[in-house]
Amino acid sequence: MSHEQQRTRPPLFSQIDVTSAAYTGAPGGRQDLEQTRLLREILAAQDRQNELLEELVHHLGNSQKQRANELGQWKQPIRDWRAIAAWRRRPLGKVQAEFLESLTTEVSANYENLLDGEFMLNEFVDRFGPRMAHLNGLLQVLSQLSATPNPTIAPNTP
């Protein structure tokens, strides 16, 4: 707001003499003119306040629309990922099943060695543990992405 605009506007507040001596009781006197002027100033101040409120509502409305639009653009790739994740989860589930089969075969073949020797157990865990952890992590992320959203949670739509 420029300084020139501020100078041309009437002040928002002014002083009013409310002492009993100032009231003459005669209609049409100086007091009525003063009251009329004050009421006009109050009206002008309210008009200005209404204009400012309308500008504020317009500004906030535009910001809200922009956020809703950005959220919608962000949600679309998530929807696409759900479909991709559901499709990708099936082959990884088969890989996990085959991996578990080879792991159980290894345990069956070396059961006594794993029980007796700490070195063999550590070797087994080093060989199979990280792969199993990463594979399980991948499958968990894919299952969360492919899961349908909870219908009890209402989306934030304008």
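Read-outs: derived from the displayed coordinates by stated rules, not from any lab. Predicted model only: the values in this text are computed from it and were never measured. Please note: Cβ atoms are built from the backbone with ideal geometry, for glycine as well, and neighbour counts cover all protein chains shown.
Quick check: pseudo-label points 7 Å beyond the Cα along Cα→Cβ at residue 54 and residue 140, how many nm apart are they? So the label points at residue 54 and residue 140 sit 5.7 nm apart.
Using only side-chain charges placed at the Cβ, +1 for Lys and Arg and -1 for Asp and Glu, the dipole size of the range 30-146 relative to its Cα centre rounds to 660 debye.
Straightening the chain between residue 105 and residue 31 buys 16.1 nm, computed as 0.36 nm per residue apart minus the Cα-Cα spacing.
Here the spin labels are modelled as points 7 Å beyond Cα on the Cα-Cβ line, and at residue 63 and residue 112 they lie 7.5 nm apart.
In a shell of Cβ-Cβ distance under 13 Å around residue 107, excluding residue 107 itself, what net charge do Lys and Arg (+1) and Asp and Glu (-1) give? Summing Lys and Arg as +1 and Asp and Glu as -1 gives -3. Ranked by how many other Cβ atoms sit within 10 Å of their own Cβ, fewest first, the residues 98, 34 fall in the order 98, 34.
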